[in-house]
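The values are calculated or read from the model by the stated rules, or taken from the named source; none is laboratory data. Everything quoted here is computed from the prediction, not taken from an experiment. Surface areas here come from the heavy atoms of the whole protein model, side chains and all, with no ligands, DNA or RNA. Shrake-Rupley method; radii C 1.70, N 1.55, O 1.52, S 1.80 Å.
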Amino acid sequence: SNENENENENGSFFASSYPEELEYEDIGEPSTFNFNIHNGEPVYSVDFLQGTEFMITGSGDARSLLVDARGIEVLADLGVAGDSIISAKFYQGPGDDIFVASASMDGQVRVYVSHPEKGIELKCTFDGPGEGTECVWIDWHSRGPILIGGFSDGSVWMWNAQLCKVMNIFAGHLTTST
């Protein structure tokens, strides 16, 4: 048996494996509910605060919104960033403070803190590698308010959100860190 018997004349396995015209079955609208809180712009990120009905969203309108998912009520607009919000994440530590981070495609990362008595406020802003470098993702470390972010230049940054300081920059990746 020839192991390349499924290749087409161009050496591609994929082009010959699909019929000329594909038929699609209409499955209807599969969503449980729809909400339009970002002015018709695409939503790129949604994260739920564990054990609650609260979610943080990030979208193409360059806004992060804190939302009560039960009634789709916007509780707080965290302001407008310089570009689309590509990632938004919660972190709840051992105390009462809840951290929220949002990363925009212009490379800026904002960290907010929610205090039970003060509400939510901007704690610090971090700039990534520089102009023209997009933030691709952010995530919280499992052992504390340490935020990690990957950028389109291949670098990975680590910040201490409690102290608002850069902890480390990992460089050397040749492509975007995903």
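Sort LYS165, LYS123 from largest to smallest accessible area, using a 1.4 Å probe on the heavy atoms of the protein chains.
On the way: LYS165 120, LYS123 75 Å².
Correct descending sequence by accessible area is LYS165, LYS123.
Counting only lysines at least 8 places from LYS89 when in the same chain, those with an alpha carbon closer than 17 Å to its own are LYS123. Potential lengthening of the chain between ALA69 and HIS141 amounts to 23.4 nm, from the contour at 0.36 nm per residue minus the alpha-carbon distance. Note that region 40-100 presents 46 Å² accessible area per residue, ligands and nucleic acids not counted, probe 1.4 Å. Note on CYS135: accessible area approximately 0 square angstrom, rounded to 10, probe 1.4 Å, nucleic acids and ligands left out. Once the chain from GLU131 to VAL46 is taken as fully extended at 0.36 nm per residue, the excess over their C-alpha distance is 28.0 nm.
Compute the length gained on full extension between GLU25 and ILE169: take 0.36 nm times their separation in residues and subtract their Cα-Cα distance, giving the result in nm to one decimal.
Going from the current span to full extension adds 47.0 nm.
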